[in-house]
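The values are calculated or read from the model by the stated rules, or taken from the named source; none is laboratory data. This is a predicted model, so every value here is computed, not measured. With ideal geometry, Cβ positions are generated from the backbone for all residues, glycine too; neighbour counts draw on all protein chains shown. Side chains included, ligands, DNA and RNA excluded: accessible areas come from the protein's heavy atoms. Shrake-Rupley method; radii C 1.70, N 1.55, O 1.52, S 1.80 Å.
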Amino acid sequence: MSSFAQNQRKKILVTNDDGIEGEGLKVLVSMLSKVADVYILAPDSNRSAVSSKISMGKRLSYQKIGENIYTCSGTPADCVISALTSPLFPFRFDAVFSGINAGPNMGTDVIYSGTCAAARQAVFMGLPGIAVSLESEFLDYARTGFNFEPLAEFCARNLDELISLCSGDVFVSLNATSADSYKEALFASGCVRDYGDKVSFDGSDLEQEFSGLCESEGISVSGRPDSDYNIARSGKIAVSLIYAEPVLKEMNKKLDFKF
């Protein structure tokens, strides 16, 4: 890491949705700490797939567990809001990193991802936001097979470049498949991921209170050759620039509504 440029050190907030014990967060913090001053406010346990949920009207619990390291009982978005608006960190951050997530956040995943939601929330609040996600070497949503260090090192080596991509209306989302090293990063379009979700109910009596379970029947993926999925699966790092605010379709024809 001695080859890293010794510029003035930036102040970086790191959070995630896997929770404070997430291995990806620990590796990312370790690597970023070599080139920046890093502060952590992360959920106290796993908050995967909570999207941009915020805890409205609900008291949150915070705990200091180390130097510049705090946990929060809320969501990833709560963590970003808390870090940027409370007296916890009495200065302005230069950027917010979210991750490294143990699992990909490609295409459609971005809608549900707490990892991406934290980066999006940063942009809402005027800061660059970078979400970082790693697919297992065993692919899809395997629970093992994560080598976080190469992707974390990429983030540290390209800290300024990644921040520069956040133009004020977009956040950056990085995706890669676990590998020992990476030789190329490419800008990506978004794929479409269909999880084949299906809800099954326990029992046949649906008149009283009953329980059910939502499960995936298998993931199908479609997208252009330059999609985040195809780039990551080819052993490269996929770099996606995603609008934080919803992009609305323009309507060029007149429709006579009935009143």
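What to note about this one:
- The residue of the stretch 227-259 that is farthest from SER136 (Cα to Cα), among those that are of a type in the set (Lys, Arg) and part of a loop (DSSP other than H, G, I, E, B), is LYS258.
- Residue check, ALA131 open to solvent by 20 Å² or more (accessible area, probe 1.4 Å), in a strand (DSSP E or B) and not polar (S, T, N, Q): no
- Where ALA244 falls short, out of the listed (1) surrounded by 11 or more Cβ atoms within 10 Å (Cβ to Cβ); (2) farther than 21 Å from ILE111 by Cβ; (3) small (Gly, Ala, Ser): (2)
- Where strands (runs of 3 or more DSSP E) fall entirely within the stretch 143-225, those with at least 2 residues that are open to solvent by 20 Å² or more (accessible area, probe 1.4 Å) and either hydrophobic (A, V, I, L, M, F, W, C) or at pLDDT below 95 (or both) are at 185-187, 192-194, 197-201, 212-216, 220-222.
- Residue within the stretch 233-240 that is exposed (fewer than 11 other Cβ atoms within 10 Å of the Cβ), out of contact with any strand residue (DSSP E or B) (no Cβ under 8 Å at 6 or more places or on another chain), over 24 Å from ALA118 (Cα atoms) and among the polar types (S, T, N, Q) present: no
- Pairs linking a residue in the stretch 190-211 that is under 30 Å from VAL110 (Cβ atoms) and among the charged types (D, E, K, R) to a residue that is assigned to a loop (DSSP other than H, G, I, E, B) and at pLDDT 90 or above, with Cβ atoms under 7 Å and 6 or more positions apart or on different chains, are ARG193/MET106; ARG193/GLY107; ARG193/THR108.
- Condition check for LEU60: touching a Ser or Thr at 6+ places or on another chain (Cβ under 7 Å) and of a type in the set (A, V, I, L, M): yes
- Among residues of the stretch 68-82, those that are closer than 15 Å to ILE12 by Cβ and either surrounded by fewer than 23 Cβ atoms within 10 Å (Cβ to Cβ) or basic (Lys, Arg) (or both), counted: 3
- Condition broken by ILE54, with the remaining ones in (1) aliphatic (A, V, I, L, M); (2) open to solvent by 40 Å² or more (accessible area, probe 1.4 Å); (3) in contact (Cβ under 8 Å) with a residue 40 or more places away in the chain satisfied: (3)
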